[in-house]
1. Let me check I've understood the local charge: for residue 49, count other residues with C-beta under 15 angstrom from its C-beta, Lys and Arg +1, Asp and Glu -1. What total comes out?
2. In whole Hz and in residue order, list the ³J(HN,Hα) couplings for the stretch 11-18 that follow from phi through the Karplus curve 6.51 cos²θ - 1.76 cosθ + 1.60, θ = phi - 60°; x for Gly and Pro.
3. Using +1 on the beta carbon of Lys and Arg, -1 on that of Asp and Glu, and nothing else charged, what's the dipole of the chain about the Cα centre, debye to 20?
4. Loop only by DSSP, 15 or fewer other Cβ within 10 Å of the Cβ. Give me the chymotrypsin sites (Phe, Trp or Tyr not before Pro) in the stretch 199-295 that pass, ordered by residue number.
5. Please give the length that would be gained between residue 173 and residue 40 if that part of the chain were fully extended, namely 0.36 nm times their separation in residues minus their C-alpha to C-alpha distance (nm, one decimal).
6. Whose amide H sits under 5 Å from the amide H of residue 235, counting only residues 5 or more places off or on another chain, with H placed in the peptide plane?
7. Below 14 angstrom from the Cβ of residue 181, what's the summed charge of the other residues (Lys, Arg +1; Asp, Glu -1)?
8. Using only the alpha carbon atoms of the chain, find the Kirkwood hydrodynamic radius as the inverse mean reciprocal pair distance, in angstroms to one decimal.
Amino acid sequence: MMNAMAASAAQVRPQLLERRARLQSAAASGTGYLNDLLAQVDAALQRIDDGTYGICEQCHDTIEADRLQVNPLVRFCLDHLNQEERRAHEQDLELASQIQSRLLPPAAISLRHWETCYRYEAAGPVGGDYCDATVLGDGQSLFFAVGDVAGKGVAASLLMTHLSAIFRSLLPLHLPLAELMGRANRLFCESTLTSHYATLVCGRATGDGIELCNAGHCPPLVVRPGTVQKVDTAGLPLGLFCEVQYPVAHVSLEEGDGLVIYTDGITEALDPQGNEFGAEGLGNSLRQHFGGRAEALAGGVVQDVAGFRAGGRPTDDLTLLVVRRQS
């Protein structure tokens, strides 16, 4: 744990030094608030030098990593915030949860050729999974995506929101799918820290079928009568390198067939003995619930995962999206 904290402190130090230089310039006017903030930055830098950065000053346990990523000046863990700080933190989480819920797509979409349904369950008040499904300009085609941002908690949810904004800003340009993914990667890479990345699958569903790009994510699954098959195509996660090319896979579905995209919160779900639900469990669940509408398939899988956990708390966000051919 201390090695991880030391690495975190080493990453934070140059950020704090840059902020200090800007604060020092602004504080020349003599504003008391800015001088106080400058003192907080100097104290954080001193904690880095002392090796106590990221340690709660009350209980001497480690401070939550996602809070340090958002605010590198925090000095206390959540258990030792004062009443006013705790209330403000709870209000911030509630607001973040509301914003995140508004970014999610409609619960179900039904078009001439396609229908979608998804399930999204954050492990905490906010999550780092990304899910989108949008009807395109012709009114009959779909853009869809599922992703997983590295990390957990508030920091991951902020990155998820940023990723959602990138794709929604690019969609009106009507770019080919490979170019859309390449530009999204470049924008994400240029606007986040080097330690941040995301895995993601995105695609378009038209009357001709589905095209997919995979950026290091769990392989999508094609569900047909009696079979579940992987779509084996993958590129690098978003944010690792700014210039990356993403191959496009083409998938043809017959009426009733479905494409399933998910995050590892499903396959890595644990039962009370510590066993994973796994790819085998997911495949069995998909075969069992295949044959109905997208809603029944998505709901059946999530219900099976909950039964597998047997009341245990989820350790990661869970997202599953079903895109089903209707005609």
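1. On the way: positive: 13, 20, 47; negative: 42, 50.
Surrounding charge for residue 49 is +1.
2. Result, rounded to whole Hz: 6, 6, 3, x, 5, 5, 5, 5.
3. The dipole magnitude comes to about 500 debye.
4. The qualifying sites are 241.
5. Working: separation 133, 0.36 × 133 = 47.88 nm, distance 4.42 nm.
So the extension gain works out to 43.5 nm.
6. 214, 215, 216, 217
7. Working: positive: 183, 186, 204; negative: 132, 179, 211, 243.
Residues close to residue 181 contribute a combined charge of -1.
8. 21.6
No value in this document is a laboratory result; all are computed from the given coordinates. Since the structure is predicted, the reported quantities are computational estimates derived from the model, not experimental observations. Glycine gets a Cβ as well: all are built from the backbone with ideal geometry, and neighbour counts include every protein chain shown.
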